[in-house]
Amino acid sequence: MQILEKFPQKKLLLIEKENSLAFHQSGHNSGVIHAGVYYQPGSLKAKFCKMGVNKTIEFCSKHQIPFEQCGKLIVATSKNELEGLSSLEKRCKQNGLNPSRLNHSQLKKIEPNINGLEAIKVTETGIVDYIRMSEVMGKIIHDRGGQILLGSEVTEIIENKNEVKVEVNADKKSIIESKFLVCCGGLQSDRLAKMAGLKINYKIIPFRGDYYLLNKIHNNIVNHLIYPVPDPKYPFLGVHLTKMIDGTVTVGPNAVLNISRENYNKVNFNLYDFLDMIIYQGFWKLILKNMIPGFKELYSSLRKKRYLSLCQKYCPSLSLSDLEPYRSGIRAQAVSKSGDLIHDFIIEETSKTLHVCNAPSPAATSSIPIGEYITNLISKKIS
């Protein structure tokens, strides 16, 4: 979108594997406009997320896309979480936010259905439909003269001195030639980078996030988004209550290792993805380092009652019958060879390609700043 804005004379082709835009991560997330609470100050995540809040709201306002800045509450439900809450409050301020610290009575006044000792309130957080945003962005690309090729899987990338050749749909082989290629492949980003000849030292490991939908009688159970105090060692935010832009409320997600990159059902199996994951040394080191929390996440996925107990810590009025089936999401998480989760965005380059290789949450919030950053990076190469 930004490339055509800066270089209107250029031709742009967007190649999408699926038959619609935002089919995977962008369309299977919580729909949250993140304010930038959790991210390391100075990181790309912190920088782009802070910019992304305003740019997302500007974009939605301009194109009549419904959104709401309802704010979020991060709730400490035990004394041992208060230190973590204070650390998050400090992190908020480091990232340019203005959190409010609430005691128990102040929390109860604005959220009567939520229990907690204390909380921090972040007013900048909001909600939106990212599928709708993606559709509007697609229309803008089309209106600016760009083309979108749906249902076209990239199977080979060949870079030479003068151009990049991209092979799509191996069974009906088609070659597309271009002066420059930008890959934003999400769950397949590491494989696309390797196709282009990059030697990377990480692999995308898929984490499934299971959600439940609250029964519609609970559509007004909260006024804000409600989050627990997360474990700072992990880039996952814990099971939370999320108001959706359609008026419903979801619960989730957890974070469970998945055996497939793109199959959202718990029992679906992809042999290639599975073998690709288990032969990677970083996978086993990740397992060994995180065995206990990993089993806890798996248990919450298998046992609805356990999942409910995580919600009842801060919303005790919920019952098993309130949790109705809802879709899952899969997070594309880069893991190093040492078994560490890579927290920040990763952007890699060759002479004629650029690859966004690690862009989990808050990438949807950060999408417009990421697009601007990419446009600036490649300007000299395509001008």
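The values are calculated or read from the model by the stated rules, or taken from the named source; none is laboratory data. Bear in mind that the values here come from a model prediction, so they are computed numbers and not experimental data. A quick note on method: Cβ atoms are made from the backbone with ideal geometry, for glycine too, and the neighbour counts reach across all protein chains shown.
Looking at Ser61, Ser78, Ser20 in this structure, which one is surrounded by fewer than 21 Cβ atoms within 10 Å (Cβ to Cβ) and within 18 Å of Pro369 (Cα to Cα)?
Of Ser61, Ser78, Ser20, the one residue that is surrounded by fewer than 21 Cβ atoms within 10 Å (Cβ to Cβ) and within 18 Å of Pro369 (Cα to Cα) is Ser61.
Residues being surrounded by 15 or more Cβ atoms within 10 Å (Cβ to Cβ) and more than 18 Å from Val32 (Cβ to Cβ): count how many of those fall in region 110-121.
Number of matching residues: 6.
Has region 211-229 got any residue that is assigned to a loop (DSSP other than H, G, I, E, B) and more than 16 Å from Cys315 (Cβ to Cβ)?
No; the residues of region 211-229 include none that is assigned to a loop (DSSP other than H, G, I, E, B) and more than 16 Å from Cys315 (Cβ to Cβ).
Report, by residue number, each residue of region 168-205 that is in contact with a Leu (Cβ under 6 Å, 6 or more places away or on another chain) and either surrounded by fewer than 18 Cβ atoms within 10 Å (Cβ to Cβ) or small (Gly, Ala, Ser) (or both).
Gly185
Restricting the first residue to region 95-112 and requiring it to be closer than 15 Å to Pro228 by Cα, which pairs with a second residue that is surrounded by 13 or more Cβ atoms within 10 Å (Cβ to Cβ) and of a type in the set (S, T, N, Q) meet a Cβ separation below 7 Å and a spacing of at least six or different chains?
Glu111/Asn223
Taking the condition charged (D, E, K, R), touching a Lys or Arg at 6+ places or on another chain (Cβ under 8 Å), crowded, with 18+ Cβ neighbours inside 10 Å and closer than 30 Å to Gln69 by Cα, does Glu124 pass?
When the stated conditions are applied, Glu124 does not pass them.
Among the residues of region 49-73, which ones are part of a helix (DSSP H, G or I) and more than 21 Å from Pro230 (Cα to Cα)?
Taking region 49-73 as the starting set, the residues that turn out to be part of a helix (DSSP H, G or I) are 49-62.
Within region 49-73, Met51, Gly52, Val53, Asn54, Lys55, Thr56, Ile57, Glu58, Phe59, Cys60, Ser61, Lys62 qualify.
From (1) over 25 Å from Leu82 (Cβ atoms); (2) in contact with a helix residue (DSSP H, G or I) (Cβ under 8 Å, 6 or more places away or on another chain); (3) among the hydroxyl-bearing types (Ser, Thr, Tyr), pick out the condition that doesn't hold for Tyr272.
Of the numbered conditions (1) over 25 Å from Leu82 (Cβ atoms); (2) in contact with a helix residue (DSSP H, G or I) (Cβ under 8 Å, 6 or more places away or on another chain); (3) among the hydroxyl-bearing types (Ser, Thr, Tyr), the odd one out for Tyr272 is (2).
So if I check each of Leu107, Leu97, Leu102, which one is in contact with a Gly (Cβ under 6 Å, 6 or more places away or on another chain), over 28 Å from Arg208 (Cβ atoms) and surrounded by 19 or more Cβ atoms within 10 Å (Cβ to Cβ)?
On the way: Leu97 fails: in contact with a Gly (Cβ under 6 Å, 6 or more places away or on another chain); Leu102 fails: in contact with a Gly (Cβ under 6 Å, 6 or more places away or on another chain).
Being in contact with a Gly (Cβ under 6 Å, 6 or more places away or on another chain), over 28 Å from Arg208 (Cβ atoms) and surrounded by 19 or more Cβ atoms within 10 Å (Cβ to Cβ) holds for just one of Leu107, Leu97, Leu102, which is Leu107.
Could we say that Lys90 is farther than 29 Å from Tyr212 by Cα, assigned to a helix (DSSP H, G or I) and touching a residue at least 40 places away in the same chain (Cβ under 8 Å) here?
Spelling it out, it is not the case that Lys90 is farther than 29 Å from Tyr212 by Cα, assigned to a helix (DSSP H, G or I) and touching a residue at least 40 places away in the same chain (Cβ under 8 Å).
Cβ contacts < 6 Å: first residue closer than 22 Å to Phe67 by Cα and of a type in the set (Gly, Ala, Ser), restricted to region 349-378; second residue at pLDDT 95 or above and assigned to a helix (DSSP H, G or I), any location; separation 6+ or different chain. Result?
From region 349-378, the pairs are Ala364/Tyr130; Ser366/Phe48; Ser366/Cys49; Ser366/Gly52.
Select, from Lys17, Lys45, Lys10, the only residue that is under 24 Å from Leu85 (Cα atoms) and either part of a helix (DSSP H, G or I) or touching a residue at least 12 places away in the same chain (Cβ under 8 Å) (or both). Don't jump to the end; show me each part of the working.
Values: Lys17 fails: under 24 Å from Leu85 (Cα atoms); Lys10 fails: under 24 Å from Leu85 (Cα atoms).
Going through Lys17, Lys45, Lys10 in turn, just one is under 24 Å from Leu85 (Cα atoms) and either part of a helix (DSSP H, G or I) or touching a residue at least 12 places away in the same chain (Cβ under 8 Å) (or both): Lys45.
Results for (1) at pLDDT below 90; (2) in contact with a Pro (Cβ under 6 Å, 6 or more places away or on another chain); (3) within 22 Å of Asp276 (Cα to Cα); (4) of a type outside the set (A, V, I, L, M), shown as yes or no for each residue.
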residue: Lys296; (1), (2), (3), (4): yes, no, no, yes
residue: Leu318; (1), (2), (3), (4): no, no, no, no
residue: Gln333; (1), (2), (3), (4): no, yes, yes, yes
residue: Ile342; (1), (2), (3), (4): no, no, yes, no
residue: Glu349; (1), (2), (3), (4): no, no, no, yes
residue: Lys352; (1), (2), (3), (4): no, no, no, yes
residue: Cys357; (1), (2), (3), (4): no, no, yes, yes
residue: Glu372; (1), (2), (3), (4): no, no, no, yes
residue: Ile378; (1), (2), (3), (4): no, no, no, no
